[in-house]
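Derivation of every value follows stated rules applied to the coordinates shown; laboratory data play no part. Because the structure is a prediction, the values reported are computed rather than measured. In this analysis, Cβ positions are derived from the backbone assuming ideal geometry, glycine residues included, and neighbour counts consider all displayed protein chains.
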Protein chains: 2
Amino acid sequence: MVDVESVSGSEGPLADAIDAALREYPHLSVVRDGNAVVARTELDRSHRVVLAGHIDTVPVAGNLPSKVEGGVLYGCGTSDMKSGVAIQLRLAAEVTAPAVDVTYVFYDCEEVESERNGLLRLSKNNPASLIADFAILLEPTGGVVEGGCQGTLRAEVKVEGERAHSARAWMGRNAVHAAAGVLNVLNDYRGREPEVDGLRYREGLNAGGIRGGVAGNVIPDECVVTVNYRFAPDRTPEQAADHMRDVFAGWHVALTDVAGGARPGLGSEAAASFVAAMGGTPRAKLGWTDVARFDSLGVPAVNYGPGDPAVAHSRREHVPLAAIADCESRMRAWLAG
Amino acid sequence: MVDVESVSGSEGPLADAIDAALREYPHLSVVRDGNAVVARTELDRSHRVVLAGHIDTVPVAGNLPSKVEGGVLYGCGTSDMKSGVAIQLRLAAEVTAPAVDVTYVFYDCEEVESERNGLLRLSKNNPASLIADFAILLEPTGGVVEGGCQGTLRAEVKVEGERAHSARAWMGRNAVHAAAGVLNVLNDYRGREPEVDGLRYREGLNAGGIRGGVAGNVIPDECVVTVNYRFAPDRTPEQAADHMRDVFAGWHVALTDVAGGARPGLGSEAAASFVAAMGGTPRAKLGWTDVARFDSLGVPAVNYGPGDPAVAHSRREHVPLAAIADCESRMRAWLAG
């Protein structure tokens, strides 16, 4: 599955393969929506749970094809989150009579702007397909239940200057040089580490990119730094936006994308039962996940998956095969009831 | 002519118009080479001079169409150097019996990498067409003869980091943040102002652009700053490159483009006669011009044109109409002998 490239926007071949594989099982009803696939058991159980995972990855970074070395699987998407998707697929195929009805959701475009998110699209095209008593996202958590998630905000901070011929730079103002001010703010920034409902979060503020330049002979009159603010769930998107404007006061700040976080959802009965079955001590989820989207739909949700979040999106992304097997067997036992 | 857009690489329509206009005059022999046009008188005079100008401009910056206000022509390329090209065209058309043979050279791609330069291409395809006793480039000089020119070197300074998921930035190293080091060097840099053969030059070091970023969720592992070093003609290209490596020691520096300067060429007899006819006190040329290319072909050359170099490549680029007329009448008188 890792070797079927599925960078955001190019999930078609992998979605086709999942769709075709699951349609072979008579205990599942399968629906396709773009590059998302939803497979459901219809056993009239008193409760229903969602097992959800995104099938897209960040851009490949010289880390395909995959390889196995010493029981560890290396490659783009191994941690985030094709190992979780693999567990979904095996449970969907093999657990034909679970104690609760199960909805398996495979969706596209989680790694890009939230308006392209496949789960958001599903929630508009087919909201009934996501209704459940509890949802589990198999995002990388290192086999520990992670509650809530941080919000994420993207903004463009624009530095302005004045064009001039580069042989007479002193006639203009170089916007790229002036962008040092923005980068120095980023280098000096210290993120909050608040405790929310008993879990410790850790904020961060980072440049995701920078661009500036008109032509080789021209002093550039504009430089744009794209910044990403990861904020704890005690801040609303509005408060996060205000904070960005404070931090970059003096520059023009344009919001491009914001997704609120979710406070830890571990108080619900369903979440507590799942935590007990998986073992370990829950912790805060730092990365934004669609936990927040389920939360806003009124469905309690947690993150739980075999990948190591610390290596997600890195060239050295990997997952131990034993971790996949361990998560799978715990979830299989829990679904059996 | 200003309203016929001719950003580097798109000079076709303007070259066609110049070509068609000059072919109507029986005292000129016209040759086309790509988007360059060469028109020559063939009067068997004892001396030949070149009047040369580039017909391309930097990218339009909201400053087209042109407009005339208070006797001043505003618009992209008015100073650099369509006012000079206009003088070439009128002299070519109207001075049918000059005291010296004249070669009028109109060429493309002066504002971009030197390997695309139309005068360089002409010097390979048809070197005989450039041979002369003296050359004048009608680059913007504010109606003052400018001697020599500074060299220009472009390099890419690369800052490296390590990718990570942007929710856990501390697992990586943000190359865009680290680029603050390069920008701080640029902000702190003080250029030399050496005197060479009696003229004062002024060096400069500037970012022409910056780029970095992988995807919205990824801590970028590379940021590239393109820098442009304008160096006085007492330094060779090799010395300029060494200086760049010294200034940016600790980063990877890749040269992308270098063109040497030219020491002031005012010692030659032809240059002295031209200076006397134009009047005024010669000064140093700060911008790189094809003076250097003629210099390396063994043809003494100076810069002299009506545009103001201080507004070249800026949104507010302009030229007084009276300055064009003054330069034209001086050159017309000089050509008449």
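Remarks
- Modelled this way, with points 7 Å down the Cα-to-C-beta line, the labels at A:Arg23 and B:Ser29 are 7.5 nm from one another.
- Paired Rg and Dmax values of region B:1-66, which use every Cα atom, in angstrom: 14.3, 47
- √(5λ) per eigenvalue of the Cα gyration tensor, region B:1-137, largest first, Å: 25, 18, 13
- For region B:212-223, putting each phi into the Karplus relation 6.51 cos²θ - 1.76 cosθ + 1.60 with θ = phi - 60° gives couplings of x, x, 10, 7, x, 9, 10, 5, x, 9, 8, 9 Hz, in residue order, rounded to whole numbers and with x for Gly and Pro.
- Hydrodynamic radius (Kirkwood) for region A:144-183, which is based on Cα pairs only, to one decimal in Å: 13.4 Å
- Rounded FRET efficiency, nearest 0.05, which uses the C-beta distance separating A:Glu113 from A:Ser46 and R0 of 30 Å: 0.20
- Hull volume in cubic angstrom per residue (convex hull over the Cα atoms of region A:264-311): 83 Å³
- Among beta bridges that DSSP assigns inside region B:37-111, antiparallel share in %, nearest 5: 50 percent
- About its Cα centre, chain A has a charge dipole of approximately 480 debye under the convention of +1 per Lys or Arg Cβ and -1 per Asp or Glu Cβ, with nothing else charged.
- Anisotropy class assigned to region B:218-337 is oblate, per the alpha carbon gyration tensor with a/c at or over the 1.5 cut-off and a/b no larger than b/c.
- Flagged links, alpha-carbon separation over 28 Å, of A:Lys158/B:Lys158; A:Lys67/B:Lys158; A:Lys82/A:Lys285; B:Lys82/B:Lys285; A:Lys82/A:Lys158: A:Lys67/B:Lys158; A:Lys82/A:Lys158
- Listed residues A:Ala97, A:Pro140, A:Ala164: farthest to the positive end of the dipole of region A:82-190 (Cβ charges): A:Ala164
- Residues A:Trp170 and A:Arg200, FRET efficiency given R0 of 51 Å [Cβ-Cβ distance, rounded to 0.05]: 0.50
- Gyration tensor verdict on region A:289-337 (Cα atoms; rounded if a/c is under 1.5, prolate if a/b is larger than b/c, oblate otherwise): oblate
- By the compact-protein rule of thumb, 2.2 N^0.38 Å, the alpha-carbon radius of gyration of the protein assembly as shown corresponds to a ratio of 1.27.
- Fluctuation leader among A:Ala175, A:Ala167, A:Ala132 - chain A, Gaussian network, Cα springs under 10 angstrom: A:Ala167
- Teacher prompt: B:Leu255 distances to equivalent labels in other copies, 7 Å Cα→Cβ, nm: 5.0
- The angle between the Cα long axis of helix A:12-22 and the longest principal axis of the Cα atoms of chain A comes to about 10 degrees, rounded to the nearest 10.
- Taking the longest Cα principal axis of chain B as reference, the axis of helix B:321-336 is set at about 50 degrees.
- Legend: Rg and Dmax of chain A, from Cα coordinates, 22.0, 77 Å.
- Distance between the C-alpha centres of region B:1-28 and region A:245-312: 63 Å, rounded to the whole angstrom.
- Highest mobility in the GNM of chain B, judged by mean-square fluctuation with C-alpha springs under 10 Å and restricted to B:Thr141, B:Thr103, B:Thr281, is found for B:Thr281.
- The fewest-to-most ranking of B:Ile136, B:Ile131 by surrounding Cβ atoms within 10 Å reads B:Ile131, B:Ile136.
- Simple Cβ-charge dipole of the protein assembly as shown, Lys/Arg +1 and Asp/Glu -1, about Cα centre, in debye nearest 20: 700 debye
- In terms of surrounding Cβ atoms within a 10 Å radius of their Cβ, A:Asp326, A:Asp308 rank from fewest to most as A:Asp326, A:Asp308.
- Debye intensity ratio in log₁₀ form over the Cα atoms of region A:228-298, taken at each q of 0.19 Å⁻¹: -0.84
- Total charge dipole magnitude, region A:194-337, about the Cα centre, Cβ charges on Lys, Arg, Asp, Glu only, Debye to nearest 20: 380 debye
- For A:Glu222 and A:Arg190, the FRET efficiency from 1/(1 + (r/R0)^6), where r spans their Cβ atoms and R0 equals 41 Å, is about 0.90.
- Exposure proxy ranking for B:Met81, B:Met244, based on other Cβ atoms within 10 angstrom of each Cβ and starting from the fewest, stands as B:Met244, B:Met81.
- The modelled label-to-label distance for the pair B:Glu162/B:Ser296, using points 7 Å beyond Cα in the direction of Cβ, is 4.4 nm.
- Chain A - mean residue ellipticity at 222 nm from DSSP helices (-39,500 (n - 2.57) per run, n ≥ 4, rounded to 500): -7500 deg cm²/dmol
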